[in-house]
Amino acid sequence: MMTDTVKTEQSIFRLPKPDRVLLLVLAMFAGLAVYDAAQAGTSLKFVGDAVLGVFPFLMLSVMIAAFAKASSLDRMIAKAFTGHLLIMIPSAAIVGAFSPFCSCGVIPLVAALLAMRVPLSAVMAFWLASPIMDPTMFVMTTGTLGFEFAVYKSVAAVGMGMLGGFSVAGLQRLGAFSDPLRQNVSGGCGSPDVSGTQPIVWAFWQDAGRRTAFRGATLSNAFFLGKWLLFAFTLESLMVAYMPEGLVMSALGGEGAAPIFLATLIGVPAYLNGYAALPLVSGLIGEGMEPAAGMAFLLAGGVTSIPASIAVFALARLPVFLAYLALALAGTLIFSFAFQLVK
């Protein structure tokens, strides 16, 4: 009896295990405060503004995933993603290219789809296309680089999604990517059997158990995404502050094939965000850079930007993450050289 009492008291007063990602973010700011106090304040404001900007999309994604869990809607969603891959993959790419979700805000939905056994090939098509284009980005791209450039970038987004989706489908036939999600990552949904008979309960809030499931899924998803977004935006703020001025400008100038390859490689670490990259690319093209190199920078950077890459790395197992990067770079080269030919 005494032993049981001791165990109970220990469980009550046991401190939660500190999260390593949050500790790393705190350590980064602590080091920055010592090294460059002014930049610490600037980075803090940058991270705050970035989180506020993505917050509506992030919470919408989190709430949708939690609703799917609480209402058993995940079964219907999973069934909607069944069918022939020849239809699923192009559809997923088109939806991804024109959805309003950013590359980070869509992660809970991606996690939920993978946890519901939706084919990775269709999810990859959606995942690759989503960061490249959205309605707001299309308008901004048209205003800075022209309607033709914006239309081709949209086509490239869909094309890269389809390339990734069908490539993954082929690799899966060879036995790859049997378990894409990292351990203990569920995106707020379990792995439902879509053949089950449990009904969908739209008014889930009337059931105490479903309310608990909704609350738990919302909190776990928000914490999971929030900590990785804080880390990603902190790194991004340091890139903005300390990347040598004119580095991208000097590297991407010129014509021919070389700038396209360089833009693809440089776009991975140097891309800050889609809206900041547009005037940069516009200026480079105005100074004589090959437009296809600008396209390469936007395509590669959009998919492999720090927030997008960290979100994918946090969610998917290493082979899936590496495939994501490889397909993004391969698609960038293919569609950038195609753009050079049609210009």
Checklist line | Filter on K17/K45; K227/K343; K45/K343 - keep pairs with C-alpha separation over 32 Å | finding: K227/K343; K45/K343
Notebook entry, point to check: How far is it, in nm, from the label point at A27 to the one at V139 when both lie 7 Å from their Cα along the line to the Cβ?
Noted result: 4.3
Notebook entry, point to check: Efficiency by 1/(1 + (r/R0)^6): what FRET value for T212 and V51, r their Cβ-Cβ distance, R0 = 35 Å, to the nearest 0.05?
Noted result: 0.80
Checklist line | Inter-label distance for R20 and L174, nm, one decimal - labels placed 7 Å from Cα along Cα-to-Cβ | finding: 3.1
Notebook entry, point to check: With a 10 Å Cβ neighbour count serving as the proxy for reagent exposure, in which order, fewest first, do L322, L128, L315 appear?
Noted result: L322, L315, L128
Margin query: Using a Förster radius of 45 Å, what is the FRET efficiency between W205 and V342 based on their Cβ-Cβ separation? Nearest 0.05, please.
Written below: 0.30
Checklist line | Neighbour-count order for W127, W202, fewest beta carbons within 10 angstrom listed first | finding: W202, W127
Note to self: Please state the shape class of the stretch 284-343: rounded when a/c is under 1.5, otherwise prolate if a/b exceeds b/c and oblate if not, all from the C-alpha gyration tensor.
What the structure shows: oblate
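Throughout, read-outs are computed from the coordinates displayed, never taken from laboratory work. Model, not experiment: these values are computed from the prediction. When we count neighbours, we look across all protein chains shown, and the Cβ atoms used for this are built from the backbone with ideal geometry, even at glycine.
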